[in-house]
Amino acid sequence: MSEHTSSADSTDPETVVEQYERQLEDVLAEVETETPREDEDGLGLELAGLELDRRDFIKAGAVAGAMSATAGCAGGILDDRGSGSPGTSAKAGSAPDHLVPPGEHDEYYGFWSGGHSGEIRVLGIPSMRELTRIPVFNTEGARGYGYDDQTSEMLEAAGDYTWGDNHHPNLSETDGDYDGEYLFVNDKANGRIARVNLKYFETDAITDVPNVQSVHGTTVLSPDTKYVFGNGEFRTPLPNDGRDVHDPKKYTSLFSAVDPDSMETKWQVKVDGNLDICDSGKEGRWVISSAYNSEEAVGIKGMTHDDRDFVKAFDIPAIEKAVEQGTYEEVNGIPIVDGTKSSSLNSGDRPIVKYIPTPKSPHCVEVEPNGKYAMIAGKLSPTVTILDLQKLGEVSDPAKAVVGRPKVGLGPLHTTFDGNGHAYTSLFIDSQVAKWDIEKAIEAEKGSADPVLEKIDVHYNPGHIQALEAMTTDPDGEWLVSLNKLSKDRFLPVGPIHPDNDQLIHIGQGEKEMELVADHPAYPEPHDCVFAHRDKLDPATTWDKEDYKGEKPYISEKQSGVERTGDRQVHVKSSVKRSEYGLQEFTVKEGDEVRLTLTNIEDVRDVIHGVAIPEHDVNLAIAPQDTREVTFTADEPGVYWIYCTYFCSALHLEMRSRMIVEPRD
Ligand code: K7E
Ligand code: CUA
């Protein structure tokens, strides 16, 4: 590369990097020399030194984009900014061993959202070994998910989409702690929320939330999971049935409350601007949502025109009261409460939604373990806004509940906690994680970088970061994972679609320097994850047939047989065990609708049997004591060999059955 120093060669990577670095330095220089200003209307909104006008913003946007393409080379020019001890971290070697020896178990479960792969991935922490994947919005051959009647009907009823985009996994809580029962996750692509049963590690419900196009932020109401909330991100006409299509001012964003048991949408709240991410306070009153586009524009320039946006604080009991009193309009059967700024429900002394001014286009909200403060990452502002939730309930001017605004670095996106007074914020543009002191940030002047204790480089461009049990009232510290969007040069090249890079960082109890201990390639594209101590879960090792009693039969060896249920319908029932199907053959007629019901009658753990029928798209995976059913049409006469897909015994290969389809003549 050294011979390519000519600046005329604009495609030379190093030259491109140099250009971007110069551009970024220009922007930073402007940022550093700007003086904070008071907001015109006296709301006390200072922009913490970052006051980019529209022209600068576009430029900054260009640089941010450029930096995301070159961030691996960015470290050097950024080191002279920010905290006293930024840059490449920590003395190596002080972290405990993260490698779990053969035969031993990890201490924590990690549940990763799979992004637009639609699945949840389960990893052990700290080893980062992948334990399993749970298909949610996608179909998955390995688990027969989306192939048996039950799961395919569930996917069909939830809109019949073939994929989803899940970002935010949330564990159900009792008394503010994970109870190990359920995981809830959003679908940003199709406006859905799914529930995963953690006894069986299976998706057991998906709800297509009415009136919204995209569910982005998702949280359960702490401390007892009274609701699962979803932020409708995209603004659309209400209802979106062809009215108001050319009148974006009439589009609206909805905040939805879903009952975790019935998975029905109970009510929705209409607000101004686009909702983004949300988190619950710990006492069941507040849910805080980041939001952007208070301009209510439809293009990027318009969306980022104004200097500020408004975070929304939903007062859940106040909203419930409005619903009880019937103060709503009903759209598609759902009560919709008006939480827009000008709503009469927001004019009294107990507004249902408070609008808190922040620097424009913030990205995320995380409530710290004590439930006292919500942290709102600035994204375009190098700051985190600290909202005091107690004060929020007391002050009439919500801006007065902003009690701190530390300057943490460029592109702050997500914050996590160690439970010992420290917050950790990912810096997308700087490709770093900044650790800062929460109380110091409240004492310090807004816009001060003093509360920042330390920074560590990550590779590259982190989105969410997550520490152990950080969403509970009692986080465990020790490990933090940085979910980096780009891996660039960190792994063997695998073609142009690169893996993400999840990095394991040791944080101890916050008393130590952060230390990077492992890189972990991740298939596109996790956004967030959540960690629970293994003692909080109690997964089944085989099915308990009582759990599906009344919904599905249990077919013993004796009950195996073929029953004609109609002129063109047959019900085929078969037990399954090592290494034979209860029916070694069965005969149907061409054109018959075949309902196939199979039970794995073994009760030994880890003996799973599969059922594949060639040329019929039949693929079931049946765990011990489970029953699965599939209905299909036998439309071509012939012989079809049914085989077992799971390697179950030495005679697995011989485990066969035969479907004979006789010509109907
Ligand atoms: Cu930041 Cu959808 Cu939580 Cu992606 S979101 S990073
Ligand atoms: Cu049963 Cu292989």
> Hey, among Thr542, Thr565, which residue is out of contact with any Gly (no Cβ under 8 Å at 6 or more places or on another chain), more than 16 Å from ligand 1 (Cβ to nearest atom), in a strand (DSSP E or B) and hydroxyl-bearing (Ser, Thr, Tyr)?
Replying inline: Thr565
>> Condition first: closer than 19 Å to Val562 by Cα, hydrophobic (A, V, I, L, M, F, W, C), surrounded by 15 or more Cβ atoms within 10 Å (Cβ to Cβ) and without any contact (Cβ under 8 Å) to a residue 40 or more places away in the chain. Can you find one or more residues in region 614-630 that meet it?
In response: no
> Can Lys512 be described as in the same structural domain as Pro169 (by TED's automatic domain parsing) and either at pLDDT below 95 or small (Gly, Ala, Ser) (or both)?
Replying inline: yes
>> I need the full set of residues from region 122-136 which are open to solvent by less than 10 Å² (accessible area, probe 1.4 Å) and either more than 19 Å from Lys199 (Cα to Cα) or not in a loop (DSSP other than H, G, I, E, B) (or both), in order please.
In response: Val122, Leu123, Gly124, Ile125, Met128, Ile134, Pro135
>> Looking at region 124-148, I want the residues that are without any contact (Cβ under 8 Å) to a residue 12 or more places away in the chain and have a partner that is of a type in the set (A, V, I, L, M) and buried (at least 18 other Cβ atoms within 10 Å of the Cβ) with Cβ atoms under 6 Å, at least 6 apart or on another chain. Which pairs are those?
In response: Glu130/Leu123; Gly146/Leu155
>> I'd like to verify a number: residues in region 334-365 that are of a type in the set (Asp, Glu) and either touching a His at 6+ places or on another chain (Cβ under 7 Å) or under 28 Å from Pro210 (Cβ atoms) (or both), how many?
In response: 1
>> If I ask for residues that are assigned to a strand (DSSP E or B), buried (at least 17 other Cβ atoms within 10 Å of the Cβ) and of a type outside the set (A, V, I, L, M, F, W, C), which ones from region 520-530 would you list?
In response: His520
> From the list Ala157, Ala194, which residue is away from ligand 2 (no atom under 16 Å from the Cβ), in the same structural domain as Ile316 (by TED's automatic domain parsing), of a type in the set (A, V, I, L, M) and touching a Phe, Trp or Tyr at 6+ places or on another chain (Cβ under 9 Å)?
Replying inline: Ala194
>> If I ask for residues that are charged (D, E, K, R) and open to solvent by less than 10 Å² (accessible area, probe 1.4 Å), which ones from region 174-192 would you list?
In response: Asp187, Arg192
>> Where the second residue is within 8 Å of ligand 2 (Cβ to nearest atom) and the first is free of Cβ contacts under 8 Å to residues at least 60 places away in the same chain and lies in region 636-665, which pairs have Cβ atoms under 7 Å and are six or more apart or on separate chains?
In response: Tyr643/Met655; Thr645/Gly610; Tyr646/Ile608; Tyr646/His609; Tyr646/Gly610
> Looking at region 479-509, which of its residues are open to solvent by less than 10 Å² (accessible area, probe 1.4 Å) and away from ligand 1 (no atom under 16 Å from the Cβ)?
Replying inline: Leu504, Ile505, His506, Ile507, Gly508
> Given Val395, Val433, which one is aliphatic (A, V, I, L, M) and open to solvent by less than 30 Å² (accessible area, probe 1.4 Å)?
Replying inline: Val433
>> If the requirement is being hydroxyl-bearing (Ser, Thr, Tyr), buried (at least 24 other Cβ atoms within 10 Å of the Cβ) and within 22 Å of Pro237 (Cβ to Cβ), which of these qualifies: Ser280, Ser289?
In response: Ser289
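The values are calculated or read from the model by the stated rules, or taken from the named source; none is laboratory data. Bear in mind the structure is a predicted one, so any value in this text is a computation, not a measurement. A quick note on method: Cβ atoms are made from the backbone with ideal geometry, for glycine too, and the neighbour counts reach across all protein chains shown. Note: areas computed on protein heavy atoms with side chains; ligands, DNA, RNA excluded. Shrake-Rupley method; radii C 1.70, N 1.55, O 1.52, S 1.80 Å.
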